[in-house]
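First the structure, in the form of structure tokens, and then the observations on it.
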Ligand code: ADE
């Protein structure tokens, strides 16, 4: 019970049932890369009850086959995934090729999440965002949104490739000035071609989507917590989006994926995602499910700022830690409903035991979602 993470991983078994024949796996383009690992797209024949079907998958591997520490970290992540079991809101294991591990090759096959990581997605779709929160932090219902006559949508500047621009640069605050209902509703949506089907799909991102992702991530984290797995690096960059708006927690088990090293600060402990870390993790190196809850609060802030870097204008240094200890916290983002702001505050209590739990966060969001529908 008191073993540290490395020791816990050491005693976890590798279950041969996950072994997947290497010759049935074809590797493709790179999806992402970090300091130690990389992820490529792949095609697997007959993986995980798929009979003889070809399935698109993501394959995690180490970057350098001579980096033993990186290999051990990936073995650790594999073992954690086997122990964890499946949940809709985590990136699930599909199989592993371990036969060539002596030569430094280990391939961990996981679900492919077509829309990539949440942070990149938020930034990319900022211009498509439909805000449903008024200036008082109240979430408007669909009916209220209709009554507003789309005026809130006009804040988005549409500059789509190949489309005549129906909306001139409206100054964002001048609601009503543009005349309600004068535009085709279609003109507000962004179109994107689905790379697999070549169908032009309507892509929008609304407050409701942000809430749904926040909820799903809490669900995935509640599952991790119930299986006694710490994440250790929960952030929008480590959440992936799959079909039908499904959000999946990825890269758990402290195996940090350093896609963008700017988010990680060099410390005596190696690279640390300081702006996502709980105060006690920064000061005493203590990680727990309750420190994951702190990070979840920062993730909510990322969601409702559409992918901004936390603590804008501040450096991730000891002064930030000092200010956090003294009670300084980020404000509720304008796009966040008030109750989401309250959840953030509940994630950022100095005393880990006073913070909300993931199941409480689940309940809070789902009760609000019910009251709106
Ligand atoms: N990038 C990193 N992991 C991925 C995954 N599982 N699916 C899609 N893109 C990814």
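The values are calculated or read from the model by the stated rules, or taken from the named source; none is laboratory data. Because the structure is predicted, anything quoted here is derived from the model rather than measured. Neighbour counts run over all protein chains shown; Cβ positions are idealised from the backbone, glycine included.
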Boolean, residue 17 is exposed (fewer than 14 other Cβ atoms within 10 Å of the Cβ) and in contact (Cβ under 8 Å) with a residue 60 or more places away in the chain: no
Counted residues in the stretch 261-276 being at pLDDT below 95 and closer than 22 Å to residue 213 by Cα come to 2
Could you figure out which of (1) closer than 20 Å to residue 252 by Cα; (2) within 14 Å of the ligand (Cβ to nearest atom) isn't true of residue 55? (1)
Near pairs, Cβ below 7 angstrom, 6+ apart or cross-chain, from the stretch 102-120 (within 22 Å of residue 20 (Cα to Cα)) to any residue that is within 11 Å of the ligand (Cβ to nearest atom) and in a loop (DSSP other than H, G, I, E, B): 110/91; 110/92; 111/91; 111/92; 113/91
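Do we have residue 234 as surrounded by fewer than 24 Cβ atoms within 10 Å (Cβ to Cβ), modelled with pLDDT of 95 or more, within 21 Å of residue 308 (Cβ to Cβ) and within 16 Å of the ligand (Cβ to nearest atom) here?
Spelling it out, it is not the case that residue 234 is surrounded by fewer than 24 Cβ atoms within 10 Å (Cβ to Cβ), modelled with pLDDT of 95 or more, within 21 Å of residue 308 (Cβ to Cβ) and within 16 Å of the ligand (Cβ to nearest atom).
Would you confirm, using the coordinates I've provided, whether residue 286 is modelled with pLDDT under 95, surrounded by fewer than 19 Cβ atoms within 10 Å (Cβ to Cβ) and in a loop (DSSP other than H, G, I, E, B)?
Spelling it out, residue 286 is indeed modelled with pLDDT under 95, surrounded by fewer than 19 Cβ atoms within 10 Å (Cβ to Cβ) and in a loop (DSSP other than H, G, I, E, B).
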Filtering the stretch 107-139 for residues that are within 16 Å of the ligand (Cβ to nearest atom), over 19 Å from the mean Cα position of the chain (by Cα) and more than 19 Å from residue 50 (Cβ to Cβ) leaves a count of 0
Flag for residue 95 being surrounded by 21 or more Cβ atoms within 10 Å (Cβ to Cβ), more than 12 Å from the ligand (Cβ to nearest atom) and more than 20 Å from residue 34 (Cα to Cα): yes
Only one of (1) free of Cβ contacts under 8 Å to residues at least 60 places away in the same chain; (2) under 21 Å from residue 241 (Cα atoms) fails for residue 37. Which number is that? (1)
Check the stretch 37-47 and report whether any residue there is modelled with pLDDT under 90, within 14 Å of the ligand (Cβ to nearest atom), touching a strand residue (DSSP E or B) at 6+ places or on another chain (Cβ under 8 Å) and within 28 Å of residue 213 (Cα to Cα). yes
Scan the stretch 71-94 and report the pairs whose first residue is over 13 Å from residue 229 (Cβ atoms) and free of Cβ contacts under 8 Å to residues at least 60 places away in the same chain and whose second residue is part of a helix (DSSP H, G or I) and more than 16 Å from the ligand (Cβ to nearest atom), with Cβ atoms within less than 9 Å and a gap of 6+ or a chain change. 71/101; 72/6; 72/9
Tell me, please, whether a residue that is more than 16 Å from the ligand (Cβ to nearest atom), exposed (fewer than 13 other Cβ atoms within 10 Å of the Cβ) and over 21 Å from residue 221 (Cβ atoms) can be found in the stretch 67-83. yes
Select from the stretch 48-59 the residues that are at pLDDT 90 or above and over 15 Å from residue 22 (Cβ atoms) and list them in ascending order. 53, 54, 55, 56, 58
For residue 72, all conditions in the list (1) over 14 Å from residue 108 (Cβ atoms); (2) not in a loop (DSSP other than H, G, I, E, B) hold save one; what is the number of the exception? (1)
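Residues in the stretch 9-27: is at least one within 23 Å of residue 272 (Cβ to Cβ), within 15 Å of the ligand (Cβ to nearest atom), modelled with pLDDT of 95 or more and assigned to a strand (DSSP E or B)? First the steps, then the outcome.
Initially, the stretch 9-27 is screened for residues within 23 Å of residue 272 (Cβ to Cβ), giving 9.
After this cut, where a residue has to be within 15 Å of the ligand (Cβ to nearest atom) as well, the list is none.
For the stretch 9-27, residues within 23 Å of residue 272 (Cβ to Cβ), within 15 Å of the ligand (Cβ to nearest atom), modelled with pLDDT of 95 or more and assigned to a strand (DSSP E or B): absent.
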For residue 256, all conditions in the list (1) within 14 Å of the ligand (Cβ to nearest atom); (2) under 30 Å from residue 142 (Cα atoms); (3) modelled with pLDDT under 55 hold save one; what is the number of the exception? (2)
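What about residue 303, is it closer than 20 Å to residue 239 by Cα and touching a strand residue (DSSP E or B) at 6+ places or on another chain (Cβ under 8 Å)?
Working: closer than 20 Å to residue 239 by Cα: yes; touching a strand residue (DSSP E or B) at 6+ places or on another chain (Cβ under 8 Å): no.
So residue 303 fails the test.
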